[in-house]
Structure formats: C-alpha cells, structure tokens
1. How compact and how long is region B:1-109, expressed as Rg and Dmax of its alpha-carbon atoms in Å?
2. Hey, for residue A:82 with labels 7 Å out along Cα-Cβ, what do the inter-copy distances come to in nm, ordered shortest first?
3. At 7 Å along Cα-to-Cβ for each site, give me the label-to-label distance between residue B:56 and residue A:111 in nm.
4. Got the residue A:33 label distances to the other copies yet, label 7 Å along Cα→Cβ, in nm, shortest first?
5. Tilt of helix B:54-68 relative to the longest C-alpha principal axis of chain B, in degrees (0 to 90, nearest 10)?
6. Treating the angle as unsigned and between 0 and 90°, give the value, to the nearest 10°, between the Cα long axis of helix B:110-129 and the longest Cα principal axis of chain B.
7. How big is the gap, in Å, between the Cα center of region B:60-130 and the Cα center of region A:1-73?
8. Between copies, how close do the residue B:17 label points come, placed 7 Å along Cα→Cβ, listed in nm from shortest?
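Just so you know, all these numbers are worked out from the coordinates, no wet-lab data involved. Bear in mind the structure is a predicted one, so any value in this text is a computation, not a measurement. Every residue, glycine as well, gets a Cβ built from its backbone with ideal geometry; the counts of neighbours run over all protein chains shown.
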DNA sequence: TGCTAAATATGATACCCATCATGTAAATGT
DNA sequence: ACATTTACATGATGGGTATCATATTTAGCA
C-alpha cells in the first residue's frame, strides 16, 4: 500500500537508523537486508524502492551516521572519558561509528570507503580544534595519536572477555592520553 | 585417498596457515570453508576430518596465529616502526592478528574470544617487559596506551582511502607514542 | 602380500541471502 | 470523485554456504 510522502521519508530515516545500529553491532556482512527491514517495521520487498542495492544502503548509512556524529568538538576531556567508558564499550550499536565499522570497511565499495575517509578527516580536525592550547604541530600529533589510542582501546576492550582486563585497557588508555596531552602542553 | 601421517599433519598446518591469512585479510564471515580448503590445495570434503565446524576452525586458527606471533618482545622502537609502517598497513593478510581480527571477534564463540583475550594479555605483557626503564605503573600505562594507539592507527590507516592522510595517521601516531614514552622516562 | 582403517574427493542437502516480479491499496493531482 | 501513480507486501529465483553421505584410494599393519 502506498503511504504519504512524510511517511515514506520517515520510513527511510528509520531504515537508516536501524541499519546504522545493526551494522555497528554486527558488521556489514552479518546483517541481511531482510533483517534491517524487519527491524524498521517493514518487509523486505520495499527495500529496493529506497536503495538500489545493499552496497547502496551501506554507503548511505555511513553518510547518515557520520553526519549525525559530530562528537569531539566540545569539552575534549569529557568526550575522552565518555569514549573510554565501559558504557561506550558495551554499547557498540549506539556508539562511535569508527570503533564499530572502520575495520569492516576495507572491502566495501569505493563510495563507502571515501565517505568513511571524510568522516575520519573531520573527526581528527575536530579533536585538533579542541586542543587550542597546543601549537599546530603538537596539536595535529596529539589529535591523531589520541584518536588512534581511543579507537584502538575500545576495539581491544570489546574483544576481551575478561572484564577486569577490559576495564583496565580503557582506564590505562585514558591515563596515557591524559599524560600525553598534559605533558605536551606543559613542555 | 588416504595420505601419510606427516602429510596429514602438514595439510592441517597448511589449512591453518592459509586460514589465518584469509581471515586476517577478509574477516571470518567473508571467508568460506571451501575457499580455505582450496587455498590449501584441497577440496571441501576433507575439512570435517580436521575440524568439527567452521567455528572450530576459527578457534584453532586463532590459537595457531597467536602462538606464532610473539612479536614486540625485542627492540620496541624497531617493532613500533615496523608496526606503523605503510608496509604493515598494506599487508593485513600477513600482519598483526589483533589489527586484523580484534574487531571481528565480538560475535565469535566463547572459545575464540577467550583465546584472543589471552593473546592480548600476553602482548601487553610483552610490550611492558620491553620498557624496563620505566617504573611499574608507568610501564603498564605506556604498554597499554601504546598498544591501543598502534592497533587503532593501523585500523584507521587501513580504512582511509587517501594515501597522504593514511600515511600521516601512521607517522603522527609513531611520533605521539615516541613522545609519550620518552617524556615519561625523562620525567 | 593382502586386509583394514583412514584421509580426501565427489556429490548431495537444506538453508539463507540479495534481488526481482507482481499484486494491492492508498495518496496525490485533477 | 476518479484516474493514476507509487510505496509497500507477498512470493519467486538463482546462487552461495555449512554440513553430511558416500566413494575411492592408499597408508599402516598383520
């Protein structure tokens, strides 16, 4: 049955929302088109009215979730604390798209890869802008180094099944980044 | 046809070798049992003589590749340089199992997760031991922080399709880790 | 030297998935 | 109000995958 224009737009948004959660949680390959549609409250048939292929869904979902994620621009310390929290580790579906999807994007389409690249470029720039107390060279280095450590720590913490070690990875990485930023700005 | 005991042992080793390369390159889901067997020079039929299931292959491959990978214990600077090199970034199939597989392990069996956990625990310990000039608390923090940054940087660099930015992520992370370790040991 | 067990090959089987074909009903424009 | 368009539902289709069944060949042993 046909639905109103706004209904269709909302359906499309809901598809992208649930797809972004499912992809972050389980990876691109492990999520089927039918599963996405069902999670959005629809059936698989309508899918190709919205997207030309699953690859197209992946590319558009990436653009959608990266556009929505403009985190890291405000209070950097608070952002780092939240990023390296058990809560974020345990919430891949709702968490950082880089931590959830970066490793999975190597074999996706050029469009998807390019979208991810621009998302990463922006994210590094945002973190750099949140470090105004550093001179430009230190700022760039601290932004990239901290971001790499944050993403790596969350991926490692999610891979570990021992809660104590997993917590320790998050906590020690937080302390390491903190020391790195403070010492550069003090030097 | 039946083969000799040694031939069978060699076949098994070759299956684990090619599986570890394929899994690191494409992820667990994207590699089929038949593909692994073909890459090992066999057909799919013999697979269940060696392994009870694909999950079993994944678990045994992880144990195999983590046991083989005892890197990071020697000259730490040289190890970090090699880890954060374009060569390692471009060689996922032959590279670090953590960078290639950690993000993919979240939905694998408990056995596989536990194997990965022990591999990560050893790796962190090895890096810590390679930092004897630091006192114990700094050493642990530097080991975990550096390792997180290394893994994160390689994953991010592999996700980026702009060579200049990808190289920069590796290079700046190297400089960031270097500064972090030096400053702690100088302080 | 011949018997038997075992390792691998060939060939099902049952299931899941992306995509397509067609039906249906409701929104939209006149 | 009505015709038409269209968004979604239901129901194929073709291909891939994990796993199983059976055949074949030969190593290992008596």
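1. Expressed in Å, the Cα Rg and Dmax of region B:1-109 come to 15.2, 50.
2. 4.1
3. Output for this residue pair reads 4.3 nm.
4. Values, ascending and in nm: 2.7.
5. The two axes meet at around 50 degrees.
6. 30
7. With region B:60-130 and region A:1-73 each reduced to a Cα centre, they are spaced 34 Å.
8. Inter-copy label distances (nm, one decimal, shortest first): 5.2.
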